[in-house]
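*Asks:* Please find one structure pasted underneath; my questions will follow.
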Amino acid sequence: MTPSGVLTFAKEQGAKVVDIRFMDFPGIWQHFSVPISELEESNFEDGYGFDGSSMRGWQPIHNSDMLVVPDATTAKMDPFFKVPTLVLIGNIVDPVTREPYSRDPRNIAQKAETYLKSTGIGDTVYIGPEAEFFIFDSIQYDTSSSHMSFYEIDSIEGNWNTGRDEGPNLGYKPRSKEGYFPVPPTDSQQDLRTDMMMTLMALGIDIEAQHHEVATAGQAEIDMRFKTLLHMGDQLAWFKYVIKNVAFKNNKTVTFMPKPIFEDNGSGMHTHISIWNGDKPLFAGDKYGGMSQEAMWGIGGILKHCSSLCAITNPTTNSYKRLVPGFEAPINLAYSSRNRSAAIRLPMYSTSPKAKRIEFRTPDPSCNGYMAFSAIMMAVLDGIQNKIDPGDPQDKNIYNLPPEELAKMGSAPGSLDEALAALKEDHDYLLKGDVFTQDVIDMWIDYKMEHEVNPLRLRPHPHEFHLYYDI
């Protein structure tokens, strides 16, 4: 859609307000609104000013003026606001130099697509994330004081509520690890997920399926059809926004935390990636699993850089409550055509060359999609450029391997600080084409250490009182 087309679209839709949105550094959508009368074609070049120092990980206060420039191709009508509101996603630029801002996640995704074309390897990268989440009825938490800390989750589906007086308690609460695909009444959230799915589809977001996931207490998954990298970055932002707001409208609350429930499955975001050159799928061939040599090298790139990738694809301290050795998390640095215990799976649902893709299973939905998808692509390209051998596939149960074989295989990091340390040592592949800059890498590491890793280190954990209070 062109700027003039956006103005026509807004008039046809009866829009009264324009909502300008952009992604902050850690990955939360931000917005502000202006009257529709304040939107002119010139705004698609001039942009709107705002205070960059108020955004997490962005400008210092002495150099805080920034611009957000709306992208006309992103125009959609918001499905939740009372007053008809046009939504435009914007790009962040410096008001003096007019240069795109290096720490704008959307800018990183745009540079990633440009870099792919410059390599001559391909011209299009497709991304298909499977973002899992939990739908709860209540969440309470507090870490605000020096003498107490707690959280309490509740869900009508929680297996801990089988004995609660619910006047009456009707049962049908999924047992831990047994929530995958049961029909109602055990699956109590079918209508809610369908509402989420239909809202997404009304926004032009193609959906492949929705279903209950493995864990108790309302774990869910809604799968978007693959799109190009930047497009999927935009869609993941819409996805989280819609899921949360449909739940909120129904007096429910959603979290994309990877591991909110103890002793049950966490929420991952298995991410599918394929590269095309024109109408040719680059990953189809005669190698293992019907893949090409380029695909094998791409797998080698992900496996080589997995530890540093995790700092971006699994960017929270909670991420590593899911990525724990000995359980079902995909932490092992191996690949297989059907083995879901490996970090990389090659889906075998179809023999069509168009369906050949790499599924990286380690990422989780707490990530900033623009940055995570870009980093995965850069690892794949590095593997292709340097012809990195991924080794032999692992088609056996990895969890039954002896410790020495597991150690030789390697695994994902065990904590966010380990991942950040790996990123500090291994990020040259991300700097190619100026996709990620050194400034972005340094600020990412510093922000995560200062605002997430260290604050958690300093706080006593409630379980420590259970373990140690009487020593």
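The values are calculated or read from the model by the stated rules, or taken from the named source; none is laboratory data. Since the model is a prediction, treat every value here as computed from it, not as a measurement. Quick reminder, even Gly has a Cβ in these numbers, built from the backbone with ideal geometry, and neighbours come from all protein chains shown. Remember, those area values only see protein heavy atoms, side chains included, never the ligands or the DNA or RNA. Shrake-Rupley method; radii C 1.70, N 1.55, O 1.52, S 1.80 Å.
*Asks:* For the stretch 138-263, restrict the atom set to alpha-carbon positions and state the Rg and Dmax in Å.
*Replies:* For the stretch 138-263, the Cα radius of gyration and maximum Cα-Cα distance read 16.3, 50 Å.
*Asks:* Let me ask something else about it. Sort the stretch 51-173 into rounded, prolate or oblate with this rule: let a ≥ b ≥ c be the square roots of the eigenvalues of the Cα gyration tensor; rounded if a/c is under 1.5, and if a/c is not under 1.5, prolate when a/b is larger than b/c, oblate otherwise.
*Replies:* Prolate, because a/c is 1.5 or more and a/b exceeds b/c.
*Asks:* Under a crude label model (7 Å from the Cα following the beta-carbon direction), how far is Thr228 from Asp154 in nanometres?
*Replies:* So the two model labels end up 4.8 nm from each other.
*Asks:* I've got another one for you. Can you give the relative contact order of the stretch 175-303 as a percent, counting alpha carbon pairs under 8 Å and 6+ residues apart?
*Replies:* Numbers: 139 pairs, mean separation 22.8, N = 129.
Computed value for the stretch 175-303: 18 percent relative contact order.
*Asks:* I need two numbers for the stretch 184-323: Rg to one decimal and Dmax as a whole number, Cα atoms only, in Å.
*Replies:* My reading of the Cα-based Rg and Dmax gives 17.6, 51 Å.
*Asks:* Could I ask something else about it? Over all directions, what mean area does the Cα convex hull of the stretch 330-471 project, stated in square nanometres?
*Replies:* Working: hull surface 49.4 nm².
Mean projected area for the stretch 330-471: 12.3 nm², to one decimal.
*Asks:* Further, regarding this structure: Between Tyr180 and Glu404, what is the FRET efficiency for a Förster distance of 41 Å, r being their Cβ-Cβ separation, to the nearest 0.05? List each step's numbers first, then the result.
*Replies:* On the way: r = 33 Å, r/R0 = 0.81.
Calculated transfer efficiency: 0.80.
*Asks:* Using a ≥ b ≥ c from the Cα gyration tensor of the chain (square roots of the eigenvalues), is it rounded, prolate or oblate, where a/c under 1.5 gives rounded and otherwise the larger of a/b and b/c decides, a/b for prolate?
*Replies:* Values: a/c = 1.35, a/b = 1.09, b/c = 1.24.
In terms of gyration-tensor shape, rounded.
*Asks:* For the chain, what does the accessible surface come to per residue with a 1.4 Å probe? Please give it in Å².
*Replies:* Working: 21700 Å² over 471 residues.
On a per-residue basis, 46 Å².
*Asks:* A further question follows. State, as an integer percentage, the relative contact order of the chain based on alpha-carbon contacts under 8 Å between residues 6 or more apart.
*Replies:* 15 percent
*Asks:* For the stretch 381-437, what class follows from the C-alpha gyration tensor (a ≥ b ≥ c being the square roots of its eigenvalues): rounded when a/c is under 1.5, otherwise prolate if a/b is larger than b/c, else oblate? Could the numbers behind the result be given before it?
*Replies:* Working: a/c = 3.57, a/b = 1.56, b/c = 2.28.
Here the stretch 381-437 falls in the oblate category.
*Asks:* With no solvent and one equal point scatterer placed on each C-alpha of the stretch 310-386, evaluate the Debye formula and give log10 I(q)/I(0) for q = 0.13 Å⁻¹, two decimals.
*Replies:* -0.44
*Asks:* Then there is this: Roughly speaking, what % of Cα-Cα pairs in the stretch 400-464 are separated by over 20 Å, rounded to a whole number?
*Replies:* Values: 1012 of 2080 pairs.
Result: 49 percent of Cα pairs exceed 20 Å.
*Asks:* Taking the simple approach of a point 7 Å from Cα along Cα-to-Cβ for both Lys387 and Ser53, what is their distance in nm?
*Replies:* Taking the simple label geometry, Lys387 and Ser53 are separated by 5.4 nm.
*Asks:* Further, regarding this structure: How much space per residue, in cubic angstrom, does the convex hull of the C-alpha atoms of the stretch 246-390 take up? Mind showing how you got there, number by number?
*Replies:* Numbers: hull volume 19.6 nm³, N = 145.
In the stretch 246-390, the Cα convex hull volume per residue is 135 Å³.
*Asks:* If you roll a 1.4 angstrom probe over the protein chains with everything in place, what fraction of the accessible area of the chain belongs to carbon and sulfur, to the nearest %?
*Replies:* On the way: 11340 of 21700 Å².
Using a 1.4 Å probe with all protein chains present, the chain comes out at 52 percent carbon and sulfur.
*Asks:* Suppose R0 equals 45 Å. What FRET efficiency, 1/(1 + (r/R0)^6) with r the Cβ-Cβ distance, do His147 and Lys287 give to the nearest 0.05? Display every interim value, and only then the final one.
*Replies:* Numbers: r = 59 Å, r/R0 = 1.32.
So, using R0 = 45 Å, E works out to roughly 0.15.
*Asks:* Give the relative contact order (percent, whole number) for the stretch 355-471; include only Cα pairs under 8 Å separated by 6+ residues.
*Replies:* Details: 22 pairs, mean separation 26.6, N = 117.
After rounding, I find 23 percent.
*Asks:* Extending each Cα 7 Å along its Cβ direction at His31 and Ser64, get the distance between those two points in nm, one decimal.
*Replies:* 2.4 nm
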